[in-house]
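Structure first, commentary second.
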């Protein structure tokens with residue numbers, strides 16, 4: 001008779017040993033290279049869609065793997081076969097938990113036994129916490145974009161720059177954020193048994209910031225794989241990938257996303 005616990009543990013390690021998380025980083029690097037070199041807006045728009053779709057897919061994979069590593073063998077099957085609503089429920093429950101996010105980063109970004117030797121560790125931890133929080137928030141707010149991309153390709157891209165401003169009571173305007181890219185996608189929500197509202201959603205962002213967040217996700221996933229598959233290896237022999245900023249000024253300047261939603265049609269079911 002098969003020992004279920006041992007079988008599940010074997011499957012857990014086998015699952016992680018076979019993953020190719022590095023392939024996602026190569027895809028991001030390829031898209032980043034295209035966005036830098038391409039001259040026409042039409043071809044850039046296509047790659048902007050691919051960039052954000054890849055970022056959302058990577059975010060979803062990270063959320064699933066955070067679910068798994070939190071419970072290890074006991075949650076691998078639940079994580080692997082979780083539905084979109086279950087992933088979103090996990091994100092909503094954990095995105096405001098500083099303790100959980102610190103646990104993830106201490107183990108899979110810096111290494112629990114390495115953190116004391118890392119220069120300016122607290123500052124780097126705070127930076128990573130900020131990015132991870134942003135990734136979780138983006139997934140929570142933009143998961144419907146991924147559905148629109150995968151089902152019916154209800155998405156279009158735009159390379160026009162946009163500036164979001166705030167207007168004071170005396171009529172003065174002040175810039176809040178500047179974005180170099182935007183996406184438009186369509187969603188449908190049920191109003192009652194016969195009526196569905198069609199919404200047009202606009203998502204504005206700076207594509208370099210999305211690339212940086214995707215690279216952090218990729219490094220976390222690779223570290224998860226390294227640590228989990230290092231059975232019988234001394235922990236200090238596992239070489240983790242450390243992600244650090246090379247241009248903090250650009251990162252700070254690119255802060256934020258702009259999101260707007262408006263109803264455009266009513267669908268009536270007969």
Could you grab the relative contact order for the chain? Cα pairs under 8 Å, six or more apart, rounded to a whole percent. 23
Nearest-ten-degree value, helix 207-228 long axis tilted from longest Cα axis of the chain: 20
Quick one, which of (1) 1.13; (2) 1.01; (3) 0.95 is the actual Rg/Rh (Cα atoms, Kirkwood Rh) calculated for this model? (2)
Cα long-axis angle, helix 4-17 against the chain (0 to 90 degrees, to the nearest 10): 60
Pairwise label distance in nanometres, residue 120 with residue 89, each label 7 Å out on the Cα-Cβ vector: 4.2
Three principal axis extents, largest first, for the C-alpha atoms of the stretch 172-270, in Å? 64, 46, 17
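Please state the shape class of the stretch 1-118: rounded when a/c is under 1.5, otherwise prolate if a/b exceeds b/c and oblate if not, all from the C-alpha gyration tensor.
It comes out prolate by the Cα gyration axes.
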Using every pair of alpha-carbon atoms in the stretch 99-223, split the distances into 10 Å bins beginning at 0 and state the percent of pairs per bin, rounded to integers. 10, 28, 27, 23, 10, 2, 0
Enumerate the residues in the stretch 179-217 having an amide nitrogen under 20 Å from the point lying 7 Å beyond the Cα of residue 268 toward its Cβ. 188-199
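Using helices alone, what [θ] at 222 nm do you get for the chain, with -39,500 (n - 2.57) per DSSP H run of 4 or more residues, divided over all residues and rounded to the nearest 500? Could you put the intermediate results ahead of the total?
Working: 9 runs with 143 residues, N = 270.
It comes out at -17500 deg cm²/dmol, rounded to the nearest 500.
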I need the calculated FRET efficiency for the pair residue 189 and residue 252, taking r as the beta carbon distance and R₀ as 51 Å, to the nearest 0.05. 0.90
Hey, for a label at residue 156 modelled as a point 7 Å past Cα toward Cβ, could you say which residues of the stretch 193-220 have their backbone N under 14 Å away? 200-203
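What does the convex hull of the Cα atoms of the stretch 106-159 come to per residue, in Å³, rounded to a whole number?
Numbers: hull volume 6.0 nm³, N = 54.
Enclosed volume per residue, from the Cα hull, is 112 Å³.
No value in this document is a laboratory result; all are computed from the given coordinates. The structure displayed is predicted, hence computed values, not measured ones. Backbone-built Cβ (ideal geometry, glycine too); neighbour counts: all protein chains shown.
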